1. Given the conditions (1) touching a helix residue (DSSP H, G or I) at 6+ places or on another chain (Cβ under 9 Å); (2) under 22 Å from residue 103 (Cβ atoms), report the number of the one that residue 152 does not fulfil.
2. Can you name the residue in the range 235-251 that is touching a helix residue (DSSP H, G or I) at 6+ places or on another chain (Cβ under 6 Å) and assigned to a helix (DSSP H, G or I) and, of all such residues, is nearest to residue 180 (Cα to Cα)?
3. Quick test for you: out of 285, 276, pick the one residue that is modelled with pLDDT of 95 or more, within 23 Å of residue 61 (Cβ to Cβ), assigned to a helix (DSSP H, G or I) and out of contact with any strand residue (DSSP E or B) (no Cβ under 6 Å at 6 or more places or on another chain).
4. Given 91, 55, 134, which one is surrounded by 15 or more Cβ atoms within 10 Å (Cβ to Cβ), more than 21 Å from residue 232 (Cβ to Cβ) and modelled with pLDDT under 95?
5. Looking for something over 18 Å from residue 36 (Cβ atoms), in a loop (DSSP other than H, G, I, E, B) and without any contact (Cβ under 8 Å) to a residue 40 or more places away in the chain - is there at least one such residue anywhere in the range 252-272?
6. Would you confirm whether any residue within the range 125-143 is in a loop (DSSP other than H, G, I, E, B), farther than 25 Å from residue 69 by Cβ and under 21 Å from the mean Cα position of the chain (by Cα)?
7. What are the residues in the range 136-180 that are touching a strand residue (DSSP E or B) at 6+ places or on another chain (Cβ under 7 Å) and in contact (Cβ under 8 Å) with a residue 60 or more places away in the chain, if any?
8. Which one is modelled with the lowest pLDDT, of the residues in the range 183-230 that are in a loop (DSSP other than H, G, I, E, B) and under 15 Å from the mean Cα position of the chain (by Cα)?
């Protein structure tokens, strides 16, 4: 099992020096990867008194993940960068395929593309994309991207995309990019079973609920004619609650039910996940080190 860490940009800020120090500290400690979220537009909550979402506000800083990971690829040799998750359907498909391929080449194959359908209609409106068909459209997007990554020239005619004997350059080094799905809807599990290399669930605590969800994914994978052992699972943990003994128990549980990747998200607060008290760069590095020291022998 591999342990990565989510960049706490909302706490430490997005200045190059802070980002560089954080990821180099993660690499030095022993972490396997760096994860980053994605939002393009943030809502001005001053004009939306009913806004209840703690994320995607105009006051929340989000670097574009392709630019961010392009920068970080030159700062660290850490083996894995992952979007958790990129909202695919609010973007132009061919452009995402191109950006992902370039990042794969420049990072020497260290990129996993985590994708989701999103929830923030404000972003879709601003990016001139249809919020209401985003799930169905994302299926065709995946088909288009996989074709563009695999072949130098593509002919494609679908419901939403037309490519006439054209291709991207560079192609990804392995003619594909690992594609991971975020989200918890049944249709997401079915899409992951058909086309995904992995699943990134956030909502489940270490519990029978998680076991049931994983078993469902593995069943759908078999029904799709694929080996469930080829599907990775990346879920989140936190040092924001409990102690070292609790963290070790959680890691043992996740490993026992087939989790392949854990992402430490110390800035994140939702459901069973709790943020750490401190918000400084030093606070986050200290918490990251403490968690690693507690669980590293279990990975």
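1. If we test residue 152 against (1) touching a helix residue (DSSP H, G or I) at 6+ places or on another chain (Cβ under 9 Å); (2) under 22 Å from residue 103 (Cβ atoms), just (1) comes out false.
2. Of everything passing the filter in the range 235-251, 251 is nearest to residue 180 (Cα to Cα).
3. 285
4. Criteria check complete, one pass: 55.
5. Of all residues in the range 252-272, those over 18 Å from residue 36 (Cβ atoms) come to 252-260, 271-272.
Next, only the ones that are in a loop (DSSP other than H, G, I, E, B) stay: 257-260, 271-272.
Restricting the remaining residues to those that are without any contact (Cβ under 8 Å) to a residue 40 or more places away in the chain gives none.
Within the range 252-272 (the criterion being over 18 Å from residue 36 (Cβ atoms), in a loop (DSSP other than H, G, I, E, B) and without any contact (Cβ under 8 Å) to a residue 40 or more places away in the chain), the answer is no, since none of the residues qualifies.
6. Yes.
7. 163, 177, 178, 179, 180
8. Per the criteria, the residue is 203.
The values are calculated or read from the model by the stated rules, or taken from the named source; none is laboratory data. This structure is a prediction, so every number in the text was calculated from the model and none was measured. For neighbour counting, all protein chains shown are included, and Cβ atoms are generated from backbone atoms with ideal geometry for every residue, glycine included.
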